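A quick write-up on the structure given underneath.
Rule-based calculations on the coordinates, nothing more; no lab input. All values reported here derive from a predicted model rather than from experimental measurement. Here Cβ is always computed from backbone atoms with ideal geometry, including for glycine, and neighbour counts include all displayed protein chains.
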Amino acid sequence: MIQTIEIGLTIPDNEAYTALTTLQRLGVEIGGLRRADLWRFELAASAAESFVDHVRTLETIYNPNKHTLRVRHDERPACGEVWIDEPGHGVLESPVRISGRVLPGVERAARSVSWHLQAPEGGPASAEVVRRAVEILLCNPAFQKATI
Amino acid sequence: MSTRRGARVAVLVFPGTNSEEETIRACRAGGLETHLVSWTASAQTVRGFDAYVLPGGFAYEDRVRAGAIAAHDRLMESVREGAAAGKLVLGICNGAQILLEAGLAPDLDGSTRPQAGFTRNLPGGRYRSTHVHVRLAIAPERCAISAALPSETVLPAWASHGEGRLAADSRTLEAMQSHDHLAFVYCDRAGVTTPEAIPNGSALGVAGVVNRAGNVLALMPHPERDAWTFMHNDASRAKARGDRAATLGVSGGIALFQSFAAALR
C-alpha cells in the first residue's frame, strides 16, 4: 500500500517567502507560495492501518509544534501545485530510518517537495503560471523533475 | 606585476557568502586589483569593473537550491551583461553553483536556463570537506582565466561542499565533453583521475566548467584555501616549518589567480 503524507509548516517559511518575492520580481503573477515536504511511503499490509497515527506520535518528520500533517489521496499534484523530485535522491530503502529512527512497516520512502502557488486574487494559480515558475526558478531540469 | 592600468576585479557578495576575505587575499596575491562589492551596489558600480569573482558560501542560505536565488539577483544582471561583453567571471564553490544556475556555464546554446548543475554529493548526499587536486583538462587557452597555466596543470584545493556533483543529462554531458567545457577534473597528486580522487561522485570527475566563449569559469573546490604553503596538506608545509618566508609564501592554488591576472594584463 502507498501512503502519501504532506508535511507543511505552521511557522513562517523563509524559503517559500524568498522564492515568492523572487518569482514576483521576475514577473510571475502569484500572490502566495507554500512549500511542503511530500513523503510517499510503501507500507507492509500490517503497518497500513496505524501508520499515520504512528507518524503523528514519532518525532521524525512531523512536529505538532510547527508542522501540519495532511494525508494525500491524489496521485497527481492539485491545481496550482507542482511536485519537484530529484531522481537518485530522497529515496530510502528498508529498513527506512529517518532522523536515526526506524519506521516499522515501511518498505520504501521517497521524499519530494511540493510547491503550492496562489493566484494574486486568491485560489490556485493557473497551470501556465505554475509552468512559468517551474521554468524560471523552482526546477533545475539538469537534475530535477517537475510534475505539474 | 600588476594588471593593466585600471583593470579592476570585483569580488561579489550576497547575503550568506562566507569566503570573500580569503578570495580577496588570493586575488591580490595573484596580482589582481580587487574590491569587495555587495549585492546592494548599484548596477553602475558593478558595471564599472573589468572582471568578477563569485566566492564560496551559502548565498541566500541555498534556498530553493544552492545558487538558485542568487542566480536571479539583480546583481547578476550586470554580471550577465559583462560576461556577454567578454569580461572574465570566476565562480568558486557556491559561486560556481550560481553560475550554473544562471546558465552562464556551460552556456552550450546561449540560453539563460540552467543546462547543468552542481547538486548533492554521492554517495550519501553528505557535506564533505577534504583536500583535493584538480587537473586542467582542456587546452589552457580554451579558458582565458587558465590561459597562463601550463598544460595539464595540477592545482591543490579544498573541496568543501554538500552539493558539488556535476549533474546533467547524457546529451548535455557529451556536448560539454566534445566542446571542451570540462575545464578541471579531480585527480590525485600525480594528475591521474581515479574514483578515490573524486570527492562527490561528480559526472566524469568534473570539478570545473568553462562556458562557450571561454571567459566564464565555474570551479567547485577552493584554490584560494590552498594558496599559501601553510595551507598545504603535504610535505611542503612540514618542510617550510621554521622558515617564516617559506611558510607564508604563495604557492599551489595561487597559480590560478596569477593566470587570471595575466589575462587582464
Expected max-MSF residue from A:L43, A:L33, A:L137 in the GNM of chain A (alpha carbon, under 10 Å) is A:L137
With the 8 Å Cα cutoff and a minimum separation of six or more residues, chain A has a relative contact order in percent of 32 percent
Dividing the mean separation of Cα pairs under 8 Å (6+ apart) by the residue count of chain B yields a relative contact order in percent of 21 percent
Log10 I(q)/I(0) at q = 0.12 Å⁻¹ for the protein assembly as shown, from Debye over equal alpha-carbon scatterers, is -0.97
Taking chain B and counting helices only, DSSP H stretches of n ≥ 4 at -39,500 (n - 2.57) each over all residues, the nearest-500 ellipticity at 222 nm comes to -6500 deg cm²/dmol
Sorting B:A197, B:A144, B:G162 by the position of each Cα along the dipole of chain B (Lys, Arg +1; Asp, Glu -1; all at Cβ), the one nearest the positive end of that ordering is B:A144
Those trypsin sites (Lys or Arg not before Pro) from the range B:126-229 that are DSSP loop and have at most 14 other Cβ neighbours within 10 Å turn out to be B:R126, B:R189
With +1 on the Cβ of every Lys and Arg and -1 on the Cβ of every Asp and Glu, the dipole magnitude of the protein assembly as shown about its Cα centre, in debye rounded to the nearest 20, is 940 debye
per DSSP, antiparallel bridges as share of beta bridges in the range B:1-104, % nearest 5, sits at 10 percent
Comparing B:P140, B:P106, B:P223 in a Gaussian network model of chain B (Cα, 10 Å), the one with the largest mean-square fluctuation is B:P140
Here P(r) for chain A, Cα-Cα distances in 5 Å bins, as whole percents, is 2, 9, 18, 21, 19, 14, 9, 6, 2, 0
When all Cα-Cα pair distances of chain B are considered, the percent exceeding 28 Å is 26 percent
With DSSP loop assignment and no more than 13 other C-beta atoms within 10 Å, the GluC sites (Glu not before Pro) in the range A:61-148 are A:E75, A:E121
